[in-house]
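Single-structure report; data block below.
The values are calculated or read from the model by the stated rules, or taken from the named source; none is laboratory data. As the structure is a prediction and not an experimental result, all values here were calculated from the model. Methodologically, a virtual Cβ is constructed for each residue, glycine included, from the backbone with ideal geometry; neighbour enumeration extends over all protein chains shown.
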Amino acid sequence: MPHRPFFFLTALLLFLGLLPLAAYTQPPPQEVLLQNVNALTLYRHRHTAGRRSSGIPQLQCVGGNACDVHTPEVVQCTNTGFDGRDVQWKCEADLPTEFRFGPLEVSCEGFEYPDDPYVLAGSCGLEYTLYYREGRNDRTGRDFYDDQSMANPKYLRNPTHLYNPYHLCRPRLWPLLCHIPYLHGPLLLQPNPELPTFR
């Protein structure tokens with residue numbers, strides 16, 4: 001019985017002595033000057049670090065007509081300079097040819113306050129927009145001109161239009177190649193009187 005107080009006192013002193021050691025083994029949050037960050041590599045299924053707030057997904061699509069169609073696995077953003085107010089970023093990803101990035105924004109958690117030039121390491125994320133490239137169909141990704149027969153009802157109401165030689169002359173082709181079929185196309189479409197007519 002007389003040794004019990006001594007035992008509790010020893011245990012208490014040992015516990016208090018281990019507290020600084022436990023705190024030392026956990027490295028403090030690291031702050032970095034955002035201007036000195038040369039590049040960021042952001043991943044689809046990872047979250048940012050958080051100190052003053054909870055972490056968020058590193059990659060978030062916030063708009064564009066292809067936002068719900070494709071998500072890049074990895075995006076790398078490079079620091080291209082400082083305009084005196086914000087760091088300028090150029091972001092690239094291995095996207096399929098039919099997609100392109102629109103406006104995007106890199107955001108990081110300020111270490112002490114929101115606009116702190118020093119940020120928490122690992123807290124940066126990207127909000128981006130994703131679009132189909134010009135001339136692509138928003139729904140299927142196919143060439144827009146290949147879908148004219150479905151998009152424009154007149155192609156269905158007038159079957160002759162489907163065989164009009166000028167229909168083959170898309171805006172991408174040279175006007176000189178399309179000019180002759182356009183002028184003589186109606187003659188080609190007229191029925192031949194010498195051929196028998198079937199009813």
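A few notes on this one:
- The lone criterion from (1) in the same structural domain as V69 (by TED's automatic domain parsing); (2) closer than 17 Å to C61 by Cβ; (3) at pLDDT below 95 left unmet by G125 is number (3).
- Total residues in the range 52-65 satisfying the condition of being among the β-branched types (V, I, T) and assigned to a loop (DSSP other than H, G, I, E, B): the figure is 1.
- Test result for A49, part of a loop (DSSP other than H, G, I, E, B) and in contact with a Gly (Cβ under 8 Å, 6 or more places away or on another chain): yes
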